[in-house]
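Notes follow once the structure below has been shown.
The values are calculated or read from the model by the stated rules, or taken from the named source; none is laboratory data. Bear in mind that the values here come from a model prediction, so they are computed numbers and not experimental data. Please note: Cβ atoms are built from the backbone with ideal geometry, for glycine as well, and neighbour counts cover all protein chains shown. When the accessible area is computed, the model is the full protein with side chains, heavy atoms only, and any ligands, DNA or RNA have been set aside. Shrake-Rupley method; radii C 1.70, N 1.55, O 1.52, S 1.80 Å.
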Amino acid sequence: MLKYSKYLSIAMVFFTGYVMSVKAQDIIQRKQLFDYRWKFFLGDSPSAGTKDFDDKSWRYLDLPHDWSIEGKLDPKNPMGGAGGYFPAGIGWYRKKFDVPLAWKGKCISIYFEGVYMNSEVFINGKSLGVHPYGYTTFSYDLTPYLDFGRGNVLSVKVDNSKQINCRWYSGSGIYRHVWMIVTNPLHVATWGVNITTPQVSGEKATVKIKTLVKNETDLPQKVILKTQLLNANAVNAGIDQTDVELLAKSEQEIDQNLTVLKPLLWTQETPNLYQVEVQVLKDKNIIDDIKTTFGIRSIKFTSENGFQLNGKTVKINGGCVHHDNGCLGAAAFDRAEVRRVELLKSAGFNAIRTSHNPPSEAFLDACDRLGMMVIDESFDGWRESKTPFDYSVYFNEWWQRDLEAMVLRDRNHPSIIVWSIGNEIIERKKPEAVETAKMLVNCLHKNDPTRPVTSAMTTWDSGWEIFDPLFAVHDIGGYNYQLHRAPSDHVRVPSRVIVQTESYPRDAFSNWEMVQDHNYIIGDFVWTALDYLGESGIGRWYYSGEKPGEHWESDLFPWHAAYCGDIDLTGWRKPISHYRSMLYNNTEKLYMAVREPEHDTLKIKQTLWSVWPTWESWTWPGYEGKNIQVEVYSKYPKVRLYLNTKLIGEQATTEEQQFKATFTVPYTPGLLSAAGVMDNKELETTILQTSGNAASIKLIPDRTKISADGQDLSFITIEVTDKNGKLQPNAQNQLQFSINGPGVIAGVDNADIKDLDPYIGNARKAWHGRALVVIRSTRNVGDIKLKVSSQGLKDVVAVINSEMK
């Protein structure tokens, strides 16, 4: 499979400092990373957009950057519980750079993948415009304002001061990549390559390529558009050449078709990828060259057969995700984005809903490579507001530009199977909502007729059938927490294809059963797949005596994040994750966890999005002789439970029992084991063993080699263990971190969303025996050594090699 294909247009050059020299005869790279050596100031400085502004006191940093995650959690911060009580405000970025004389006559633009929010960009003191929405990409033409052969200054004001503008943690700043784009005046337009596969079979596939070619000269031009198809081994799989005549200051879309024999299809299991290389030739010289990755696959949605990928019905086990990366905040490092998809894939999910905004390009690239399907969502709301300063303020002026930015950027990703235009729209009961939906759906269909469109609908009262006209505008009905209505809806509207776009975690079995039993229900997306910052307290459980109620009913500080995910902020899979995956997949057949016991005087209370706190632990000091409930999830007909080799009992675990058995066991330390039983034979065993006191620290890096590019990451899980190396699940040791070598600590975490210690720091307390440190490379090679210390325990060191790749 092809890796990071969007970076392969031509070999890259990084803008790392003030000066970059390019000889006239050298190839000029089309797309150049512009992330390095920015200067940053937190606060407003009205004259910072001018070229000669004095920024000597500002700090240097590399992008991506989120200043909110660097701040102190405080209940007085204006983001409030919605944004996780993080700081917001205004920030400025400035970058000085030279433009080589060799670039004269070129078209030069700056491309931002995402800035949150209300960014204003200046080049040499000239304001290029304001982009309000924090989740869509945008670009500006720099060419008329550049000083060639001399210094230039790009300045960006980011204004996230108007709060509250988001219902979850947004972050603040230039949190995604920035690129410099340098092209010939005759070139392929940004997002100008559109690849579809209208006819797909095992024997052959038709690949249709539409390319938008621009002539920005003052004269008519004749060029040749050469398009070739490359397979995963970069072997030519087809070629087409077309003569193109362009008027002065014009653009033209060129259609080309290629046939692939015995294509390697994109599936969840084998996500095969191809590339289309488009070259613009003038007088036999290549004046533009761009490569675009895509996959050959077919998708079809019907109420009779559900969702079909390449002609095969697939049931969707989906999860909703927000865009943050936990302790990294909103900063969209490529490795962090890839890791999120890896975690979700390993947890058994086959689809993601990018609630409630377009994700990063690296995230979608990872979905393509790893075989993860996507519902790509544009907005949380339309014209009526959910928070005082949300997208409703900008919708009328910006909806089309932002919607087209999403679809034009993302339409070549094979992982995307559905577009979504909104989530629980406030005005959904009004006739005007139907007209707005038509407008949005038509825009998407115009730019991409190959995918269906949905939005997430719900009701918190008795009204539901009133949404039929609104559902009728969509290709797929998105149900938030309303799947129980599907059977009666199917009788009333038999052609409706239904997907549950959000569901409560505790309803995993009933939702799975509905998906299995009805072809017109294509799948379920749980809220959520991953814990996330903000929407503070959703998914929490609490003890009697603590502040009661749901997350929206009161201020729940110090809760500053969501605990409704199948996977916590460190990447640990909660027991509910194993249960859900077992329902949909055959990769896991036996799992055991223990329900947290209640205190004598304190009772555990649940909320709508919570499940009972359940842990992979048989270490419960103080509960000796008291009953504790043990849960066993199993795809075997029966399970047996043993404590210290003594049989506690046997229970059936068929579908009738929801593949789950619960045993009540008087707690005694030792070895707890569960066996999966078929035909009276024990075929598989899983164990939980009582841990001793904390005695050592174990470091588990997800990668021991990373790139010395200033961007790459290693996620190091820390476990506090007993003398035998077994996790001590009750450990709360204070951990200290120090680092030597060409790396920095990018973030620290422990998944305890009531812990107010900073996410950027050199210390963290273990929670349930675990913590996480994220190491970021610099642009120097060598060994990065992370030392972890804790009072009474021996220091341990993890070595991460940072190398050029």
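State which residue is farthest from Val188 (Cα to Cα) when the search covers only the range 214-247 and only residues that are open to solvent by 40 Å² or more (accessible area, probe 1.4 Å) and among the aliphatic types (A, V, I, L, M).
The selected residue is Val235.
Return a yes/no flag: does the range 441-451 have any residue that is over 26 Å from the mean Cα position of the chain (by Cα) and not aliphatic (A, V, I, L, M).
yes
Checking Tyr111 against (1) at pLDDT 95 or above; (2) open to solvent by 20 Å² or more (accessible area, probe 1.4 Å), which single condition isn't satisfied?
Checking Tyr111 against (1) at pLDDT 95 or above; (2) open to solvent by 20 Å² or more (accessible area, probe 1.4 Å), the one that fails is (2).
Restricting to the range 348-371, name every residue that is surrounded by fewer than 24 Cβ atoms within 10 Å (Cβ to Cβ) and over 18 Å from Tyr135 (Cα atoms).
Gly348, Asn350, Arg369, Leu370, Gly371 - these are the residues of the range 348-371 that are surrounded by fewer than 24 Cβ atoms within 10 Å (Cβ to Cβ) and over 18 Å from Tyr135 (Cα atoms).
For the range 428-454, name all the residues that are farther than 27 Å from Thr293 by Cβ and open to solvent by 10 Å² or more (accessible area, probe 1.4 Å).
Arg428, Lys429, Lys430, Pro431, Glu432, Val434, Glu435, Lys438, Met439, Asn442
At least 3 residues that are over 27 Å from Leu470 (Cβ atoms) in each: list the strands (runs of 3 or more DSSP E) lying fully within the range 497-579 that qualify.
Filter on the range 497-579 gives 541-543.
Do you know which residues across the range 228-252 are over 15 Å from Asn272 (Cβ atoms) and within 32 Å of the chain's Cα centre (by Cα)?
Gln228
In the range 755-779, which residues are closer than 25 Å to Asp334 by Cα, in a loop (DSSP other than H, G, I, E, B) and either open to solvent by 10 Å² or more (accessible area, probe 1.4 Å) or aliphatic (A, V, I, L, M) (or both)?
Of everything in the range 755-779, those that are closer than 25 Å to Asp334 by Cα, in a loop (DSSP other than H, G, I, E, B) and either open to solvent by 10 Å² or more (accessible area, probe 1.4 Å) or aliphatic (A, V, I, L, M) (or both) turn out to be Pro758, Ile760, Gly761, Asn762, Thr778, Arg779.
So which residues in the range 169-191 are more than 28 Å from His322 (Cα to Cα) and part of a strand (DSSP E or B), if there are any at all?
Ile181, Val182, Thr183, Leu186, His187, Val188, Ala189
Give the residue that is nearest to the chain's Cα centre (by Cα), with candidates limited to residues of the range 729-751 that are surrounded by 23 or more Cβ atoms within 10 Å (Cβ to Cβ) and not in a strand (DSSP E or B).
Ala751
Pull up the range 129-158, narrow it to residues that are in contact with an Asp or Glu (Cβ under 8 Å, 6 or more places away or on another chain) and open to solvent by 30 Å² or more (accessible area, probe 1.4 Å), then point me to the one that is nearest to Trp399 (Cα to Cα).
Here the answer is Val130.
In this structure, does Phe53 turn out to be at pLDDT 95 or above, in contact with an Asp or Glu (Cβ under 8 Å, 6 or more places away or on another chain) and open to solvent by 20 Å² or more (accessible area, probe 1.4 Å)?
Here the answer is no, as Phe53 does not meet what is asked.
Among the numbered criteria (1) part of a strand (DSSP E or B); (2) farther than 23 Å from Glu361 by Cβ, which single criterion is violated by Gly202?
(1)
Report every pair of residues separated by at least 6 positions or lying on different chains whose Cβ atoms are under 9 Å apart, first residue within the range 680-699 and within 29 Å of Gln736 (Cβ to Cβ), second charged (D, E, K, R) and surrounded by fewer than 16 Cβ atoms within 10 Å (Cβ to Cβ).
So the pair list comes out as Gly692/Lys723; Asn693/Lys723; Ala695/Lys723; Ala695/Lys794; Ser696/Lys723; Ser696/Lys794; Ile697/Lys794; Ile697/Asp795.
Please list, ordered by first then second residue, the pairs with beta carbon atoms under 6 Å, 6 or more apart or interchain, first in the range 120-137 and touching a residue at least 24 places away in the same chain (Cβ under 8 Å), second among the acidic types (Asp, Glu) and open to solvent by less than 30 Å² (accessible area, probe 1.4 Å).
Tyr133/Asp402; Thr136/Asp402; Thr137/Glu113
Determine if the range 259-269 includes at least one residue that is open to solvent by 50 Å² or more (accessible area, probe 1.4 Å), in a strand (DSSP E or B) and modelled with pLDDT of 95 or more.
no
Can you tell me which residue within the range 714-728, out of those that are out of contact with any Leu (no Cβ under 8 Å at 6 or more places or on another chain) and either at pLDDT below 95 or not acidic (Asp, Glu) (or both), is least open to solvent (accessible area, probe 1.4 Å)?
Ser714
Working only within the range 664-676, note down all residues that are part of a strand (DSSP E or B) and crowded, with 21+ Cβ neighbours inside 10 Å.
Leu672, Ala674, Ala675, Gly676
Within the range 178-191, track down each residue that is within 25 Å of the chain's Cα centre (by Cα) and open to solvent by less than 10 Å² (accessible area, probe 1.4 Å).
Once the filter is applied, which keeps residues that are within 25 Å of the chain's Cα centre (by Cα) and open to solvent by less than 10 Å² (accessible area, probe 1.4 Å), the range 178-191 yields Val178, Trp179, Met180.
Filter the range 582-641 down to residues that are surrounded by fewer than 18 Cβ atoms within 10 Å (Cβ to Cβ), under 21 Å from Leu671 (Cβ atoms) and among the acidic types (Asp, Glu), then give me how many there are.
2
Picking from Gln256, Gln275, which residue would you name as being in contact (Cβ under 8 Å) with a residue 12 or more places away in the chain, open to solvent by less than 30 Å² (accessible area, probe 1.4 Å), of a type in the set (S, T, N, Q) and touching an Asp or Glu at 6+ places or on another chain (Cβ under 8 Å)?
Going through Gln256, Gln275 in turn, the sole match is Gln256.
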